[in-house]
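What follows is one structure encoded as structure tokens, with my remarks underneath.
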Amino acid sequence: MRKTMRPELNCYDLGPRVTAFSTTRRGGYSEGNYGELNVNAYCGDSPEAIRKNRELLCEWLQCSDIILPHQVHGTVVRAITPSLLSLSPDERQQQLEGVDAVMTDVKGVCIGVSTADCIPIILYDPQHDCAAVVHAGWRGTVARIAEKAVAAMQQTYRSVPAQMQAVVGPGISLDAFEVGQEVYDQFAEAGFPMDAIARQQAKWHIDLPRCNQMQLESCGIPASAIRQTGICTYSNSGKYFSARRLGIASGRICTAIVIH
């Protein structure tokens, strides 16, 4: 009989009313490049392993489900509302297609995104008890999805950026994120300060965590309220999923938050 599993997580202290975390690869039922704790249903893992891993994580969170969108490197932000949660599983999934950020003020609902080198961002507004989780790959970063998520929280929940907190979770670092000239050019054309976010070696390297921190600060979130985990998924692929290291047929990190 296999030993009892316990998910190994990175937890972020954003206050007593929320549980915020990123999963590691450890403490679940998946195997191979999906091993062990993968809860993403879109990367080719065994449906049975995914089900058992989700049950394991939900048991630890004391919630009934984890709401994860089907991401497409876009900028759609979807509010997770009671009416969306009341839909059938198929109808709910339709609402989560093509979505790269989710937000909610519903208590007891776990919302999250999946990453494996891209940058996950948690936003929390303790004044209005609402939160968002953002998937910011390089395309989403260029399109300023972090700014769009903050704006969506302002519009939907009347959040004030100066009162918000943020976590920039595990993702690929400047040292590991080597890109071609065409990617560098897209960042430059989008108005990013290239002297601050890029470095040239054999090829260009771009600092995605810093790019997203700059966006959050430009929205009015204080630098002191933004936590950088500083974890490079590429350099730590034994503990965190990295598509550049393991290939796209591998697991995904789940970065998520629950409001209690």
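The values are calculated or read from the model by the stated rules, or taken from the named source; none is laboratory data. These figures come from a predicted structure and were not determined experimentally. Positions of Cβ are backbone-derived with ideal geometry, glycine not excepted, and every protein chain shown enters the neighbour counts. Side chains included, ligands, DNA and RNA excluded: accessible areas come from the protein's heavy atoms. Shrake-Rupley method; radii C 1.70, N 1.55, O 1.52, S 1.80 Å.
In table form, for the structure just shown:
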read-out	value
Relative contact order (percent, whole number), the chain, Cα cutoff 8 Å, 6+ residue spacing	25
Centre separation in Å (Cα based) which lies between the stretch 157-175 and the stretch 41-105	21
Beta bridges by DSSP in the stretch 146-260, antiparallel share as percent, to the nearest 5	55
3J(HN,Hα) from dihedral phi, the stretch 170-185, Karplus parametrisation 6.51/-1.76/1.60, rounded to Hz, x for glycine, proline	x, x, 6, 8, 3, 4, 8, 8, 8, 9, x, 4, 5, 6, 3, 5
Rg/Rh (Cα only; Kirkwood hydrodynamic radius) as it applies to the chain	0.95
Surface accessible to a 1.4 Å probe, per residue, for the residues of the stretch 4-114, Å²	46
Using θ = phi - 60° and Karplus 6.51 cos²θ - 1.76 cosθ + 1.60, couplings along the stretch 57-68 (whole Hz; Gly, Pro as x)	5, 5, 4, 5, 7, 6, 9, 8, 7, 10, 8, 10
Pairwise Cα inverse-distance average, inverted: Kirkwood Rh of the stretch 44-114 (Å)	12.9
The stretch 9-66 shape via C-alpha gyration tensor axes, a/c threshold 1.5	prolate
Phi to ³J(HN,Hα) by Karplus 6.51 cos²θ - 1.76 cosθ + 1.60 over the stretch 199-208, Hz, x for Gly, Pro	9, 9, 10, 4, 10, 6, 10, 10, 9, 5
Ordering of 82-89, 9-16 by burial proxy (mean other Cβ atoms within 10 Å per residue, highest first)	9-16, 82-89
Asn40 long-range amide H proximity, modeled H, under 5 Å	Arg252
Apportionment of accessible area to carbon and sulfur, the chain, percent (1.4 Å)	47
DSSP-defined antiparallel bridges as percent of all bridges, the chain, nearest 5	80
Tensor-based shape of the stretch 120-260 (alpha-carbon gyration tensor, a/c under 1.5 rounded, otherwise prolate or oblate)	oblate
Choice from Met153, Met214, Met194 showing the highest fluctuation, given a GNM over the chain with Cα pairs closer than 10 Å	Met194
Ranked by how many other beta carbons lie within 10 Å on average, peptides 169-182, 54-67, 32-45, 133-146 from highest	133-146, 32-45, 169-182, 54-67
Solvent-accessible area per residue for the stretch 168-259 (1.4 angstrom probe, square angstrom)	43
